[in-house]
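The values are calculated or read from the model by the stated rules, or taken from the named source; none is laboratory data. Source: prediction; values computed, not measured. Methodologically, a virtual Cβ is constructed for each residue, glycine included, from the backbone with ideal geometry; neighbour enumeration extends over all protein chains shown. Side chains included, ligands, DNA and RNA excluded: accessible areas come from the protein's heavy atoms. Shrake-Rupley method; radii C 1.70, N 1.55, O 1.52, S 1.80 Å.
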Amino acid sequence: MALSTKQAGVTLVVLCCLTPSVMNLPHPRNYEYDTFVFYNREQWGGREATGVTEMVTPVPYVVIHHSYEPGACFSFEECTAAMRSMQNFHQIHQGWTDIGYNFAVGSDGAVYEGRGWDRVGAHAVGYNVRSIGIVLIGDWVSEVPRLKQLVTVKNLINEGVRLGYISPEYDLIGHRQVSATECPGQALFEEITTWDRFQPTV
Ligand SMILES: [Zn+2]
C-alpha cells in the first residue's frame, strides 16, 4: 500500500530525528572482523564509562595481561559474565572510569571490547597513553591458554595495525616488564616471548 503524503512526511520526520541520537551513542562501534568473533560493550552488558580520554594513535606498544581472576571462560555466557565482573571490580572497587583493558580475549576465541582502540586504558602505569592493553581472561601462571585464544590475540593485534591504531613498528611486552606484578603469568609470558615483535628490553 502506498503511503499518503502525510504518512510519508511523518516517516521522514521520524528518520530525521532518530539520526542524531543514534550518532550520539557512546559506543556506536560495529566493527566486524574476518579473523575472530567480536562482541562490543552492549553485547556483553557493559556499563558506560564515567569518563573518557581519547588516545593518540597509532600507539607504539601492546601490553599483554592475564585476568588471574576471573578464571578462564569458554562460552559467551561465561566470558560476558567475566567482562561484567572485571568492569564491576575496576569501576566500583578500584574507582576507575571503566574496565581497565582496551580488549579482552576469552578461551572461546572471541574478542570482547573494553575501552577499545582509541581510548586510554588503565592497565599498565606509565604505558596507558601509548599502548593497547589486551587481557587474556584466565589464570596463566602455570598453564598456557588454548591455541584459539592465542591466535585471536595475534589476529587482534594485526587488525589494530591494519586499522592504523597500532604502529607497524610496535613493541609487544608483558605487564610484568613495566610493573611489579607476575602478570601475565609465567606460562603466558614465556609464550609471548616467542611472538612477533616481542621486546625483551623495555
Ligand atoms: Zn596485567
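Only one of (1) surrounded by 15 or more Cβ atoms within 10 Å (Cβ to Cβ); (2) of a type outside the set (D, E, K, R); (3) within 16 Å of the ligand (Cβ to nearest atom) is not met by VAL202, so which one is it?
Failing condition for VAL202: (1).
Listed here are the residues, each with its yes/no results for (1) open to solvent by 20 Å² or more (accessible area, probe 1.4 Å); (2) of a type in the set (Val, Ile, Thr); (3) in contact with a helix residue (DSSP H, G or I) (Cβ under 8 Å, 6 or more places away or on another chain).
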position	(1), (2), (3)
GLY46	yes, no, yes
VAL52	yes, yes, no
THR57	yes, yes, no
VAL62	no, yes, yes
PHE74	yes, no, no
GLU78	yes, no, no
ARG84	yes, no, yes
ASN88	yes, no, no
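Working carefully through the options ALA187, ALA124, ALA104, find the one that is within 15 Å of the ligand (Cβ to nearest atom), without any contact (Cβ under 8 Å) to a residue 40 or more places away in the chain and aliphatic (A, V, I, L, M). Talk me through it step by step, then tell me what you get.
Working: ALA187 fails: without any contact (Cβ under 8 Å) to a residue 40 or more places away in the chain; ALA124 fails: without any contact (Cβ under 8 Å) to a residue 40 or more places away in the chain.
Criteria check complete, one pass: ALA104.
Going residue by residue through segment 161-172, is there one that turns out to be part of a loop (DSSP other than H, G, I, E, B), open to solvent by 30 Å² or more (accessible area, probe 1.4 Å), within 16 Å of the ligand (Cβ to nearest atom) and modelled with pLDDT of 95 or more?
Initially, segment 161-172 is screened for residues part of a loop (DSSP other than H, G, I, E, B), giving 163-165.
When the remaining residues are screened for being open to solvent by 30 Å² or more (accessible area, probe 1.4 Å), the result is 163-165.
Pick out the ones that are also within 16 Å of the ligand (Cβ to nearest atom) and you get none.
Checked against the condition, which is being part of a loop (DSSP other than H, G, I, E, B), open to solvent by 30 Å² or more (accessible area, probe 1.4 Å), within 16 Å of the ligand (Cβ to nearest atom) and modelled with pLDDT of 95 or more, segment 161-172 yields no hits at all.
Based on this model, can you work out whether LEU150 counts as within 16 Å of the ligand (Cβ to nearest atom), in contact (Cβ under 8 Å) with a residue 12 or more places away in the chain and either closer than 17 Å to CYS73 by Cβ or buried (at least 16 other Cβ atoms within 10 Å of the Cβ) (or both)? Give the steps one after another, and end with the answer.
Values: within 16 Å of the ligand (Cβ to nearest atom): no; in contact (Cβ under 8 Å) with a residue 12 or more places away in the chain: yes; either closer than 17 Å to CYS73 by Cβ or buried (at least 16 other Cβ atoms within 10 Å of the Cβ) (or both): yes.
No; evaluated as a whole, the condition is false for this residue.
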